[in-house]
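Okay, structure first, notes after.
The values are calculated or read from the model by the stated rules, or taken from the named source; none is laboratory data. From a predicted model like this one, the values you see are computed outputs, not experimental measurements. Note: ideal-geometry Cβ built from the backbone for every residue, glycine included; neighbour counts use all protein chains shown.
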Amino acid sequence: MVVAAFVAPYLLEATARFVRVAAELPGVRIGLVTCEPVDRIPPDLRERLAAHWRVDDALDPRQLAWAVSGLSGQLGRVERLVGALEQLQVPLAQVRESLGIEGMDVRTAINVRDKSRMKETLQAAGIPCARHALVRSAGQATAFADQVGFPLVAKPPAGAGAQSTFRLDDGDMLRGWLAAVPLGEDSPALVEEFLTGEEHTFDSVTLGGATVWSSIADYRPPPLEVLRNPWIQWTVLLPRDITGPRYEGIHRWGPEALKALGVTDALTHMEWFARPDGSVAVSEVAARPPGAQLTSMHGYAHDFDLYRAWAELVILGRFDAPERRFASGTAYLRGMGHGRVRAVHGIEAVQQQIGHLVVEARLPQPGQPAATDYLGEGYAMVRDPDTAVVEDALHRLVDGIRVELAEA
């Protein structure tokens, strides 16, 4: 029997799903460390847990160590300490090292969490990536802009996804960003050259230092363009065939990047660019399952449960690589403006056209608040053995459905 502590600050839908599949693994006892009181845990999940330990701050290594020690007193020695959120990876590694628990170490966790250190590590290993600078003053930011030229990308060193990420097209935009961001010795920002080309993901499983499975997705359009244009309804496509020259570069550089960062046993989410000249540039790496419905999409493309496979990997140290049998994709449905959803147009027509391909959906509902992130007010996920069929379905979804927002 393996005793594992699962850290989940709050049980939002996706996080609760990861906890649930971990708690259902045969031969595993899960103690949940969370900021939620026990009566806020869904009853069906609560009955699967072996123990519960509440903390005030799930990102505080001292509180996590206290919780793990408490769970060890109840369940026996905690042998695995896991969590699915990117912000948890460094504090989890710190607690593992302090308590002698197997898993990703602090050095590797910082390599994939601190984006400046990540770029430095990749460049030192000869991995192609964007030129960058960690800036603490307006002068440093301006000097980098003079050296590299515009456009630039500005982001926090420990950002997740595209959060707080900005494209700066010229000096005026740089000055506006500098006026809004309080740079200092203790509050640096990462500025890097803007990579052009097609943006993709390289999600993979590393076991014993070897890449044993990988999956590629295409962003259409890239996330930064989505952030800059709130009216865009965007898509993510997982083509069935990820061999051939189009993806040859990342199949080489993706595993090399993970090796350089020190990743040995993990499911990682990498974003990368295929440049117009055919070369590859690694953008970012995260030591966690992918977000934005990608974990589900990979499951549909391979006809398996990636949530459960991740839990088996990080708790039991095993992974059975699946065959890629389908193409899959998601269309993100977004309205422009503020307030609430007033109406959703075109659903019936699109349902008649491609409804048989939909495997999962959360459609916007009249009255719901406008989304505060780039994922939008809803989504629809499709699957088919033929990539062209999935591409056509995604186009029909984003072209045929319109989300109307209005102030209350």
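Values for this structure:
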read-out: Within the stretch 286-367, strands (runs of 3 or more DSSP E) holding 1 or more residues that are farther than 30 Å from VAL19 by Cα and in the same structural domain as ASP399 (by TED's automatic domain parsing); value: 340-345
read-out: Output for the stretch 369-408, where each listed residue is within 15 Å of TYR300 (Cα to Cα), touching a residue at least 60 places away in the same chain (Cβ under 8 Å) and in contact with a helix residue (DSSP H, G or I) (Cβ under 6 Å, 6 or more places away or on another chain); value: ARG383
read-out: Any hit, the stretch 321-341, residues being under 29 Å from GLU79 (Cβ atoms) and either free of Cβ contacts under 8 Å to residues at least 40 places away in the same chain or surrounded by fewer than 16 Cβ atoms within 10 Å (Cβ to Cβ) (or both); value: yes
read-out: Number of the exception - ALA189 against (1) crowded, with 17+ Cβ neighbours inside 10 Å; (2) without any contact (Cβ under 8 Å) to a residue 40 or more places away in the chain; (3) more than 17 Å from the chain's Cα centre (by Cα); value: (2)
read-out: Some residue of the stretch 277-300 being without any contact (Cβ under 8 Å) to a residue 60 or more places away in the chain and under 29 Å from VAL153 (Cβ atoms); value: yes
read-out: Matching residues in the stretch 236-263 - criterion: being part of a loop (DSSP other than H, G, I, E, B) and hydrophobic (A, V, I, L, M, F, W, C); value: ILE242, VAL263
read-out: Filter result for ALA274 (at pLDDT 95 or above and of a type in the set (Gly, Ala, Ser)); value: no
read-out: Helices (runs of 4 or more DSSP H) enclosed by the stretch 1-113 - at least 2 residues per element that are over 20 Å from GLY291 (Cβ atoms), of a type in the set (S, T, N, Q) and touching a strand residue (DSSP E or B) at 6+ places or on another chain (Cβ under 8 Å); value: 61-75
read-out: Residue match in the stretch 356-368 (condition: closer than 15 Å to ARG402 by Cα, among the basic types (Lys, Arg), touching a Phe, Trp or Tyr at 6+ places or on another chain (Cβ under 9 Å) and free of Cβ contacts under 8 Å to residues at least 40 places away in the same chain); value: yes
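Okay, residues lined up against (1) modelled with pLDDT of 95 or more; (2) surrounded by 15 or more Cβ atoms within 10 Å (Cβ to Cβ); (3) within 30 Å of ARG275 (Cα to Cα):
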position: ILE41; (1), (2), (3): no, yes, no
position: SER72; (1), (2), (3): yes, yes, no
position: GLY83; (1), (2), (3): yes, yes, no
position: LYS115; (1), (2), (3): no, yes, yes
position: LYS119; (1), (2), (3): no, yes, yes
